[in-house]
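The values are calculated or read from the model by the stated rules, or taken from the named source; none is laboratory data. This structure is a prediction, so every number in the text was calculated from the model and none was measured. Note: ideal-geometry Cβ built from the backbone for every residue, glycine included; neighbour counts use all protein chains shown. These accessible areas exclude ligands, DNA and RNA; they are computed on the full protein's heavy atoms, side chains included. Shrake-Rupley method; radii C 1.70, N 1.55, O 1.52, S 1.80 Å.
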Amino acid sequence: MRPNLKLLLNTSCGVLFLIFYCEYLIFYAVQSSCGWPILDPQTQDESIEPSNEEPVRVMVITDTHLLGSRHGHWFDKLRREWQMYRAFQSAMTLHKPDLVFVLGDLTDEGLYCSSTEFDNYVKRFHSLFSVPEGTKMYVAVGNHDIGFHYGVSPYLNQRFVNAFDAPAVRLISVRGNHFVLVNSMALEGDGCFLCKPAEQQLTRIEKILKCTRGTYTEKCTPNMKLEKYSKPILMQHYPLYRQSDIECNDFDAAPFPIKQERFRERWECLSQEATFQILNQVKPRLALSGHTHHGCTRALPVGEGLEITIPSFSWRNKDNPNYLLATFTPNNYAYIKCELPRESTVINLYLFGGTILIIWLLYSLKYRSRLLQFSTHGRSQKII
């Protein structure tokens, strides 16, 4: 093989390996360090009867913000979708969850895109975030999907509900664990077309939980009971009411000065009134949310338990996106946030690897040039 051709081939192999690592292998390398959390016997709720069934393994992501036709460069769109596809499918391969929950803002422009573009959104989402057999996915709606409360129309709401099977309020029970999914924009309390049915459904779920536990003071019918009572897990797009992220000290919390910015009720979080109402009705042991694009863990303002806000799954919104893995039994749970490759790390790898390849290429070319000159000079001396 000719020397220059061999050098070109070696350089090409180096470039291809760098791309392969940064665009594929790195997701497995980083995510493989995160596994299912182990339940701690000391955190068991002694008031809830233990279960002999296998724990439920749950993965939660939020704020994928698939770009539409109005915002974002085509390369930005291609880049972000590839990153999310690779990260999600790597998680499916490594973790094999029983359930996957997506907590809103699946789309970036769902609130004003045409029906044709929305259909394209749906196809892209199911293509990027396809789940294997044996895993079920459930979706909550976000403000980017249908708009903030006063911008939601019956058409936009129903379009999303039909596409993703995502009613305003939903109760999902798996092996004695109960998950309550709520449309955050339906908790305004003004009797709107969306709010009134949501409030009625929440009241119905409250009765079901009380009947199952045996604390309902009125008559319970058979269809108002679950097989087994356990404190539910509340899931929605908005965080519960809080003034700001100033007390959030997670590794993925908002940076200064963003964490100091005051939240507006019904925009960055639920209203204080809606927060107290839903917590008193559902009485969750854990509340999961998204929307802010940054992480936060804090005690629930009402009752016992935690609220965990999960950051955006898109690198367009955060340098260090992540997702949550949780293990649930009726009387216990454990969770962990799994980090994804940082955008800055990938960029630095490209810069470092590219620099090494360029230095090696220039050195090889210079070395071969000197070797060729020496060889030519030697032959000239022999001829003389």
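Computed quantities for the displayed model
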read-out	value
Computed [θ] at 222 nm, helices only, for the chain once each DSSP H run of length n ≥ 4 contributes -39500 (n - 2.57)	-12500 deg cm²/dmol
Kyte-Doolittle at least 0.0, axis length at least 18 Å by Cα - qualifying DSSP helices, the chain	3-20, 343-383
Of LYS231/LYS259; LYS136/LYS228; LYS123/LYS259, those spanning more than 25 Å from alpha-carbon to alpha-carbon	LYS231/LYS259; LYS123/LYS259
Accessible surface of the chain [probe 1.4 Å, protein heavy atoms]: carbon and sulfur percent	56
Computed magnitude of the charge dipole of region 259-305 (debye, nearest 20; Cβ of K, R +1, Cβ of D, E -1)	80
18 Å tail of the calculated P(r), region 1-68, as % of Cα pairs	71
Per-peptide average of other Cβ atoms within 10 Å, ordering 38-46, 198-206 highest first	198-206, 38-46
Region 234-352, dipole about Cα centre (Lys/Arg Cβ +1, Asp/Glu Cβ -1), debye to the nearest 20	140
Cα-projected label distance for GLU261 with LEU349, points at 7 Å along beta-carbon direction, nm	3.0
Nearest-0.05 FRET efficiency for SER130 and THR11, computed from C-beta distance (R0 56 Å)	0.95
Listed residue (CYS34, PRO50, TYR24) projecting farthest to the positive dipole end of region 6-69, Cβ model	TYR24
Rg and Dmax [Cα atoms of region 101-192; Å; Rg one decimal, Dmax integer]	13.7, 41
Charge dipole of the chain about the Cα centre (unit charges at C-beta), most positive-ward option of LEU300, LEU270, LEU351	LEU351
Most to least packed among 178-186, 86-94, 357-365 [average Cβ atoms within 10 Å]	178-186, 86-94, 357-365
Which of MET185, LEU78, ALA91, positive extreme of dipole for the chain (C-beta unit charges)	LEU78
Partners for LYS219 among lysines (Cα-Cα distance below 16 Å; same-chain residues under 8 apart left out)	LYS207, LYS210
Compactness relative to 2.2 N^0.38 Å, alpha carbon Rg of region 232-378	1.72
For the chain, share of DSSP beta bridges that run antiparallel, in % to the nearest 5	50
Charged-residue dipole, Cβ positions (Lys, Arg, Asp, Glu), region 3-71 about Cα centre, Debye nearest 20	900
Förster radius 30 Å - calculated FRET efficiency between TYR21 and SER115 (Cβ-Cβ, nearest 0.05)	0.15
Label-to-label distance, nm, for residues given as LEU78 and ASN280 (7 Å Cα→Cβ offset)	5.5
Fraction in percent of alpha-carbon pairs per bin - 20 Å, the chain	25, 50, 15, 7, 2, 0
Within straight-line cross-link reach of LYS77, aspartates and glutamates at Cα separation under 19 Å, skipping those fewer than 8 residues along the same chain	GLU23, ASP63, ASP105, ASP108, GLU109, GLU117, ASP119, ASP145, ASP319, GLU343
Solution diffusion estimate, µm²/s, Stokes-Einstein, region 131-262, Kirkwood Rh from C-alpha pairs, 10 °C, viscosity 1.306 mPa s	93
Residue-normalised accessible area of region 126-181, given per residue in Å² at a 1.4 Å probe	42
